[in-house]
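The values are calculated or read from the model by the stated rules, or taken from the named source; none is laboratory data. Everything quoted here is computed from the prediction, not taken from an experiment. Cβ sites come from the backbone with ideal geometry, for glycine too, and all protein chains shown count toward neighbours.
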Amino acid sequence: MDKTTTPLKPKHEKKQYRSVWLMLLFGAISLSAYLLLFMNEELVTDIYTKGNWYAIYPIVTALFFSFIHGAFASHLISSLGLEEKK
């Protein structure tokens, strides 16, 4: 290897670096979603309590928050270097 090229990063460093960025992305999405939800609390309450087909909104909202939180937590654990045993 000559002096002008740089060695490639090991695979685990690339994965950890990617996990940090994804953790930050999902954390920002989560924070933004909670801010939007609580800043529009009255509108959300009015729409979500109408009944009938509007009952799908709380379900979709819960699934959205669950997915975002799960992705954030997963990437947080990966960025800390905690992985399952193989």
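Laid out as a table, the results:
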| quantity | calculated |
| --- | --- |
| Complete set of residues in the stretch 40-73 that are over 16 Å from Ile29 (Cβ atoms) and in contact (Cβ under 8 Å) with a residue 24 or more places away in the chain | none |
| The listed residue being in contact with a Ser or Thr (Cβ under 7 Å, 6 or more places away or on another chain) and modelled with pLDDT of 95 or more, out of Ile47, Ile29, Ile68, Ile56 | Ile68 |
| Some residue of the stretch 48-55 being in a helix (DSSP H, G or I) and among the β-branched types (Val, Ile, Thr) | no |
| Where Asp46 falls short, out of the listed (1) in contact with a Leu (Cβ under 9 Å, 6 or more places away or on another chain); (2) exposed (fewer than 13 other Cβ atoms within 10 Å of the Cβ) | (1) |
